[in-house]
Amino acid sequence: MRSILVQHLGEMGFDASDSSIRALEHFVFELQKWNQKISLTSITKTEDMTIKHLLDSMAVIESVREERMLLDIGSGAGIPAIPLKIMLPETQVVSVDAVRKKIVFQRHVVRLLGLQGYVAMHARVENLYASHSGCFNAIVSRAFSSLQTFILLAAPLLTDGGRLIAMKGPTVDDEILCSSEFLQRSGFRVSSIQTYFLPNNMGERRLVILSAARAR
C-alpha cells in the first residue's frame, strides 16, 4: 500500500509527509478489519481500497485546499472526508451519513488517529439546516445522489460564494445535459468538469464543480 501511495501521490504533485502516509495506511487497515464484521464497503482488497478510496479522494484536494469549512454528504465510511482531513489538517471537516454503523466507524478512526476538527454526524442532511445553514465553503459528495438532489439538499448549507463538488463517473455528462433546465432554475452552474483516471486501469472519474450563477 505504501509504495502505491507514495508513487501516485508524487505523480499527482502531492508531497505527503510520512505521518500522513501512516495515517492513510491505518485508515485502510481499520476499514478492512471492521469490514470483516460490519459491511462498510464492497471494496475489500488492499490495492483496490488504496486506489479507489484513498487516491480517488485525493482528486478533490486542489478544489478544497483553501476552504475553511468542508462538508461531506453521504460520506459512508468516511470517504473522501477522512483522507481529505489527513491531507489537509487545518481544514474543519463535518461528515454526515444516515447509517449509524458508518458514523460509529468514522468516530473510531478519528479517535485512533487523533484527528482534530473533524465531526462525524449521524443524521440526514436536512437535519443540519437549523444548526448549519450557510456554514460551509465547500460541500462534497461521492456517488451520493443525482446532481439535482445534491443541489437541493446542499444549497441551504453553503456560504455565499460556496461551491458544490460532485465526485462522479463518466456518465455524468449525460446527467448534466438532462439537468440543464434545473440548473438554470436553481441558480447554479457547472463551473468546471475535471476528468481523471485512477491508476492501474481502475476507472475514469469526473469532478463536477458547481457554483452559484447569481446571488442567492
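Some observations on this one:
- Partner lysines for K33 [C-alpha distance under 16 Å; skip if fewer than 8 residues away on the same chain]: K45, K101, K102
- Convex hull of alpha carbon positions in segment 128-210: directionally averaged projected area 5.7 nm².
- Signed unit charges on C-beta, dipole axis of segment 17-88, positive-most listed residue A81, Q32, T50: Q32
- Between segment 95-134 and segment 148-216, the alpha-carbon center distance in angstrom: 23 Å
- Square roots of five times the Cα gyration tensor eigenvalues for the chain, Å: 27, 20, 16
- Between amide H atoms placed 1.01 Å from N, distances below 5 Å from S191 occur with I209, L210, S211, all of them 5 or more places distant or on a separate chain.
- Descending Cα extents along the principal axes, segment 7-109, whole Å: 36, 29, 19
- Each stretch of four or more DSSP H residues adds -39500 (n - 2.57); spread over every residue of the chain, this sum gives -10500 deg cm²/dmol at 222 nm.
- Length gained on full extension, I21 to D173: 51.4 nm, using 0.36 nm per residue less the C-alpha separation.
- Taking a ≥ b ≥ c as the square roots of the eigenvalues of the alpha-carbon gyration tensor, segment 52-167 is classed rounded because a/c is under 1.5.
- When DSSP beta bridges are restricted to pairs lying wholly in segment 107-212, around 70% turn out antiparallel.
- The chain - share of DSSP beta bridges that are antiparallel (%, nearest 5): 45 percent
- Contact order relative to length of the chain, as percent, for alpha carbon pairs under 8 angstrom and 6 or more apart: 16 percent
Rule-based calculations on the coordinates, nothing more; no lab input. Since the model is a prediction, treat every value here as computed from it, not as a measurement. In this analysis, Cβ positions are derived from the backbone assuming ideal geometry, glycine residues included, and neighbour counts consider all displayed protein chains.
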